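See below for the structure under consideration.
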Amino acid sequence: MFKHAIVRKPCKAMVKGLTAAKLGTPDYALALQQHQDYIVALRECGLQVTELAPLEDYPDSCFVEDVALITPQGAILTHPGAPSRRGEVDFIEAAIKQFFPYPDYIDAPGHVEAGDIMMVGGHFYIGLSARTNRQGAEQMISILSKHGLSGSVVKMSDLLHLKTGLSYLENNNLLTFGEMHHHPDFSDYHRIEISAEESYAANSVWINGTVLVPKGFPLALAAIQALGYQTREVAMSEFQKLDGGLSCLSLRF
Ligand code: CIR
């Protein structure tokens with residue numbers, strides 16, 4: 001069970017965040033409203049939410065998932081592949097240390113953004129992307145091993161982050177999109193294929209038995225409900241414009 005979440009309020013500069021989505025510029029006021037509802041959804045799932053102050057110098061800083069990995073054994077601060085996001089790490093460190101006083105660190109030339117990491121029990125799948133390189137993945141695996149956990153590298157070519165196209169919903173159920181539908185590393189899972197039209201919903205989040213699903217993807221929602229999960233839709237349009245999914249907006253532990 002997860003007990004806590006850390007989120008960071010979006011800053012006004014979010015409208016200049018990194019994106020390849022071509023969905024337009026986010027509406028800041030609506031993004032704030034959606035972020036508040038996201039926090040409400042986390043609380044409904046039983047989490048205590050720590051909300052950090054906005055960071056105007058870092059347009060993408062609301063996507064806290066990328067700058068730290070939290071495992072059942074501790075925290076690892078990452079070294080993002082996107083140069084404009086590297087400074088975010090220093091600002092999450094104090095919040096992380098309140099819960100995990102002795103975090104580990106990924107260092108250059110290693111790059112990791114934890115949106116590329118999917119946890120399945122004590123195993124962590126690490127996607128190699130434009131943001132996470134092999135040196136970073138290897139550092140991460142060696143840190144995980146030190147704590148009695150394991151990791152493996154996943155080759156991929158099309159996705160921003162691994163979890164852009166994959167979400168583990170526990171009970172062996174895995175949402176997949178695109179190249180992940182038939183990826184050999186996940187052949188032992190029960191895969192639920194999310195269509196290209198609803199690809200954004202491949203990033204949904206299991207929290208304590210409930211699955212948070214982005215609002216507006218009825219086929220994905222029905223497929224998740226058919227597995228027996230309780231679901232909670234969350235409007236995410238303004239974060240989708242920045243390629244950010246549901247998982248990206250929080251660290252959950
Ligand atoms: C970025 O490109 O870094 C942000 N605009 C979106 C980050 C999304 N994070 C994630 O998928 N874990």
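Just so you know, all these numbers are worked out from the coordinates, no wet-lab data involved. Please read all numbers here as calculations on a predicted model, not as lab measurements. Cβ placement follows ideal geometry from the backbone for every residue including glycine, while neighbour counts extend to all protein chains displayed.
Figures for the structure shown
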{"quantity": "Candidates Val112, Val89, filtered to the one that is within 23 Å of Ser142 (Cα to Cα), crowded, with 22+ Cβ neighbours inside 10 Å and not polar (S, T, N, Q)", "calculated": "Val112"}
{"quantity": "Of residues in the stretch 211-253 being away from the ligand (no atom under 16 Å from the Cβ) and hydroxyl-bearing (Ser, Thr, Tyr), the one farthest from Asp66 (Cα to Cα)", "calculated": "Tyr229"}
{"quantity": "Any hit, the stretch 156-174, residues being closer than 20 Å to Asp66 by Cβ, of a type in the set (Lys, Arg) and in contact with an Asp or Glu (Cβ under 9 Å, 6 or more places away or on another chain)", "calculated": "yes"}
{"quantity": "Residues of the stretch 1-39 that turn out to be aromatic (Phe, Trp, Tyr) and either within 16 Å of the ligand (Cβ to nearest atom) or farther than 24 Å from Ile70 by Cβ (or both), as a count", "calculated": "2"}
{"quantity": "Single match in Asn203, Asn208 (criterion: away from the ligand (no atom under 16 Å from the Cβ), within 17 Å of the chain's Cα centre (by Cα) and not hydroxyl-bearing (Ser, Thr, Tyr))", "calculated": "Asn208"}
{"quantity": "The stretch 67-114, subset in contact with a Ser or Thr (Cβ under 7 Å, 6 or more places away or on another chain) and small (Gly, Ala, Ser), residue farthest from the ligand (Cβ to nearest atom)", "calculated": "Ala95"}
{"quantity": "Selection count where residues are touching a strand residue (DSSP E or B) at 6+ places or on another chain (Cβ under 7 Å) and more than 16 Å from the ligand (Cβ to nearest atom), scope the stretch 127-182", "calculated": "17"}
{"quantity": "Cβ pairs under 8 Å, 6+ apart, first in the stretch 157-184 and in contact (Cβ under 8 Å) with a residue 12 or more places away in the chain, second of a type in the set (S, T, N, Q) and in a strand (DSSP E or B)", "calculated": "Gly165/Thr176; Leu166/Thr176; Leu174/Ser167; Leu175/Ser167; His183/Thr176"}
{"quantity": "Ser129 being under 19 Å from Leu77 (Cβ atoms) and of a type in the set (Ser, Thr, Tyr)", "calculated": "yes"}
{"quantity": "Single residue of the stretch 192-231 satisfying the filter (out of contact with any helix residue (DSSP H, G or I) (no Cβ under 6 Å at 6 or more places or on another chain) and of a type in the set (S, T, N, Q)) that is farthest from Tyr38 (Cα to Cα)", "calculated": "Ser195"}
{"quantity": "Residue within the stretch 229-244 that is surrounded by 15 or more Cβ atoms within 10 Å (Cβ to Cβ), in a strand (DSSP E or B) and among the hydrophobic types (A, V, I, L, M, F, W, C) present", "calculated": "yes"}
